[in-house]
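Taken together, the values in this text are just the output of simple stated rules run on the coordinates, not laboratory data. Everything numeric here is computed off the predicted structure, so don't read it as measured data. Cβ placement follows ideal geometry from the backbone for every residue including glycine, while neighbour counts extend to all protein chains displayed.
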Amino acid sequence: MNDDRRTFLKSLGTMSALVTVGCAHSRGGETRSNSMQLDAMHPRLADYVARGELPGYVALVARAGEVQVDAAGTTARGGTVAMRRETIFRVASMTKPITAAATMILVDDGKLRLDDAVERWLPELANRRVLASLDAALDDTVPAARPITVRDLLTFTFGFGIVFAPPGTYPIQRATDEAKLGQGMPAPASVVPPAEWMKRFGALPLIHQPGARWMYNTGSDVLGVLISRVAGQPFDTFLTERLFGPLGMVDTAFYVPPAKRDRFTVSYVVDPATGAMSAYDPVDGQWATPPAFPSGAAGLVSTVDDFYAFGEMLLGRRGHVLSASSIAAMMRDQLTPAQKAASNDMPGFFEAHGWGFGGSVVTGADDAGLPGTYGWDGGLGTSFRVDPKRQVVTIFLTQRAWTSPVPPPVFRDFWAVTRAALG
């Protein structure tokens, strides 16, 4: 390491050194022991900030209530506001496990059953038609073999999702974009309200038969509308009253009000070809006002402590907002071998993963956790995992978007340091 790099890392240490549970920002239920050997975390991760590859980050590692938080860098490139434990991030697809948990609250309430047909509450999804093939015209369809169920939405097997192909490759992609359904990069200001969203979505055919295979993303957006209609209140209100409030998730929402924007990050994207980083969303941008469509797939902002509270709930250590059976169902692989075999959108993914409700389940060798680990990542630069067997929660929040489904090197380094520290 050269002298300039060493000096920079030393300055990072004064600005955002390792924060342990004895700090003023620790929350209830945490111990003050420090047996996790995470001394290597700060220099290894902060080096990405030193090289200019990452504006900043906040990381949390917890085992059985013992918590350590590390932060480095700033909330904006070239800025002066240091990353800290309370910094707010766009968590994008980390919203999906939240939406799944909200659905399971209604299952626990007896208002939903997993194998209920959803057309009772979402009549727009009755009498579905299915494309004859992915590249077919929108009117080249066959009838759906059966109705869509709640389980189909939770497991992403209801027959519709993001097509992993260049934009505009297939007619269904073009139709989805024209309908402004928000099935690409998170952009809350551009999506239509729930009633109109469902009307437009209901006018499109499914891509595959319900239950046939896994397709990413869209199931969580449909669940947000379903939750609202079953609960009789807006989706965001339900989340606040039944999940965020009871768990103390005080900074998790679909937008950041003016009083909190000094803790919000600027979001960045990177050109995969050149590596050039540019701003995607400023602090007063698309997440500065309540969205017309609160996206259950990718709409939330949150903090490391808020997501830690959610993780502790999944471990049965906090809140008790869900029954033990619902938590177990969320974190159990719900896909059949046939569904995995038919799902070729992310080659190799299902060799070591399954899918529970709203998140992945590790089933083989994986950088992010040992078998049984549950969680998901956010394409705008975040990750969350819970290991129920070992009582471990890991959270890594950045404001630099991923450039592909393959985790960036800094995420793999975070997981490697964590695994080494936890033995």
* Calculate for the chain the 222 nm mean residue ellipticity that helices alone would give, adding -39,500 (n - 2.57) per DSSP H run of length 4 or more and normalising by residue count, nearest 500 deg cm²/dmol. => -8000 deg cm²/dmol
* Asked: Angle between the Cα long axis of helix 41-50 and the longest principal axis of the chain, 0 to 90 degrees, nearest 10?
  -> 80
* By its C-alpha gyration tensor, with a ≥ b ≥ c as the square roots of the eigenvalues, how is segment 328-371 shaped: rounded for a/c under 1.5, else prolate for a/b larger than b/c, else oblate? -> oblate
* Asked: Among the trypsin sites (Lys or Arg not before Pro) within segment 376-423, which fall in a DSSP loop and have no more than 16 other Cβ atoms within 10 Å of their own Cβ?
  -> Lys389, Arg390
* Asked: Between the helical axis of 95-108 and the dominant principal axis of the chain, each derived from Cα atoms, what acute angle in degrees is found, rounded to the nearest 10?
  -> 60
* To do: For every other residue with a beta carbon closer than 15 angstrom to the beta carbon of Thr169, add +1 if it is Lys or Arg and -1 if Asp or Glu, then tell me the sum.
  => -3
* **the chain - share of DSSP beta bridges that are antiparallel (%, nearest 5)** => 90
* Asked: Relative contact order for segment 169-246 using alpha-carbon pairs under 8 Å, separation at least 6, rounded to a whole percent?
  -> 21
* Using modelled amide H (1.01 Å from N, peptide plane; none on Pro or chain starts), what sits under 5 Å from the amide H of Val361, excluding residues fewer than 5 places away? -> Gly354, Trp355, Gly356
* **Relative contact order of segment 104-242, defined on C-alpha pairs under 8 angstrom at six or more residues apart (%)** => 31
* State whether segment 264-332 is rounded, prolate or oblate according to the following rule on the C-alpha gyration tensor (a ≥ b ≥ c being the square roots of its eigenvalues): a/c under 1.5 gives rounded; otherwise a/b larger than b/c gives prolate, and the remaining case gives oblate. => prolate
* According to a simple spin-label model (label point 7 Å from Cα along Cα-to-Cβ), what is the distance in nm between Ala187 and Arg120? -> 3.8
* About its Cα centre, how strong a charge dipole does segment 59-193 have in debye, to the nearest 20, once Lys and Arg get +1 and Asp and Glu get -1 at the Cβ? -> 340
* Structure fact -> Taking a crude spin-label model, label points 7 Å out from Cα along the C-beta direction, the Thr237 to Asp108 distance in nm is 2.2
* Could you line up Leu243, Leu134, Leu122 from fewest to most neighbouring Cβ atoms inside 10 Å? => Leu134, Leu122, Leu243
* To do: Please work out how much length the chain gains when fully extended from Ser133 to His320, using 0.36 nm per residue of separation minus the C-alpha to C-alpha distance, in nm with one decimal.
  => 62.9 nm
* Structure fact -> At R0 = 60 Å the Cβ-Cβ FRET efficiency linking Ala342 and Asp262, nearest 0.05, sits at 0.80
* Which value, in debye to the nearest 20, describes the size of the charge dipole of the chain about its Cα centre when Lys and Arg Cβ atoms bear +1, Asp and Glu Cβ atoms bear -1, and nothing else is charged? -> 540
* Angle, helix 218-231 long axis vs. longest principal axis of the chain, Cα atoms, 0 to 90°, nearest 10? -> 80
* Structure fact -> With Rg from the Cα atoms and Rh as the Kirkwood inverse mean 1/r over Cα pairs, segment 351-423 has an Rg/Rh of 0.93
